[in-house]
Amino acid sequence: MLLMDLKAGQTIKAQSDAMVYMDTTMDVKGSLSGGMLGALGRMLSGESFFFQMVTAARGDGKVCFAPECPGDIADLEMDGTPYLVQKGGFLASTEGVDISTTCQNLSKGLFSGEGFFVLKAQGTGVLFLESFGAIHLVSLEQGQEIIIDNKHLVAWPEHMDYRIEKASSSGWISSFTSGEGLVCRFRGPGNILIQTRNPQVFGQWVGPLLPAKR
């Protein structure tokens, strides 16, 4: 869980329904944050229509948030470099961090696993990310490349270009029989956050264990 100490007058933005508990000095309200178009864009990117805005309205206090999925929470210091965030990857952010959406190109929208619309975080402050499984940081030097399974992406700098390609250099058959299919090739410099678990694979594993519907 994410436990925040807020000074009187401070506000933190969080994903809808993320609050676990808060002191009585806190006020919580829903916000479109970005207007109707911004809210619609978040829905298209797989996020909720509203944000939670928690404010220390009556003095200092604590508020606690929890992610939707069993996994990790990572704090990312925002220094003005915009980051793109996977579906469901946003948990909370301090004042000064703006959350909006941006549209990917046709190939990335169709094959990256993230869809055409992804969240974009920019500004200064702290961005708190959630994941399915643990979060790891991959740092790339100038010109260094890495191949990442698209289901393991959490967040990456907007300036970091990536392209979609087949997983195996041996051809399409090898790519799909390996279980990987299409992957993302990133080129540095930049820091990429990845998650240890693949939601799609987990769903395939847990599905047969669930009671059959009647």
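The values are calculated or read from the model by the stated rules, or taken from the named source; none is laboratory data. Note that the coordinates shown come from a computational prediction; the quantities given were computed from them, not determined experimentally. In this analysis, Cβ positions are derived from the backbone assuming ideal geometry, glycine residues included, and neighbour counts consider all displayed protein chains.
Pairs only if they're at least six apart or on different chains, beta carbon under 9 angstrom, first in segment 18-40 and part of a loop (DSSP other than H, G, I, E, B) and surrounded by fewer than 12 Cβ atoms within 10 Å (Cβ to Cβ), second charged (D, E, K, R) and modelled with pLDDT of 95 or more; list them, first residue then second.
THR24/ARG58
Scan GLY41, GLY61, GLY115 and give me the residue that is more than 15 Å from the chain's Cα centre (by Cα) and either at pLDDT below 95 or not hydrophobic (A, V, I, L, M, F, W, C) (or both).
Numbers: GLY41 fails: more than 15 Å from the chain's Cα centre (by Cα); GLY115 fails: more than 15 Å from the chain's Cα centre (by Cα).
On inspection, the qualifying residue turns out to be GLY61.
Given the condition over 24 Å from ILE73 (Cα atoms), at pLDDT below 80 and outside any loop (DSSP other than H, G, I, E, B), answer yes or no: does some residue in segment 155-170 qualify?
yes
Can we say ILE147 is in contact with a Lys or Arg (Cβ under 8 Å, 6 or more places away or on another chain), modelled with pLDDT under 95, farther than 24 Å from ALA18 by Cα and β-branched (Val, Ile, Thr)?
On the way: in contact with a Lys or Arg (Cβ under 8 Å, 6 or more places away or on another chain): yes; modelled with pLDDT under 95: yes; farther than 24 Å from ALA18 by Cα: yes; β-branched (Val, Ile, Thr): yes.
So ILE147 fits the description; yes.
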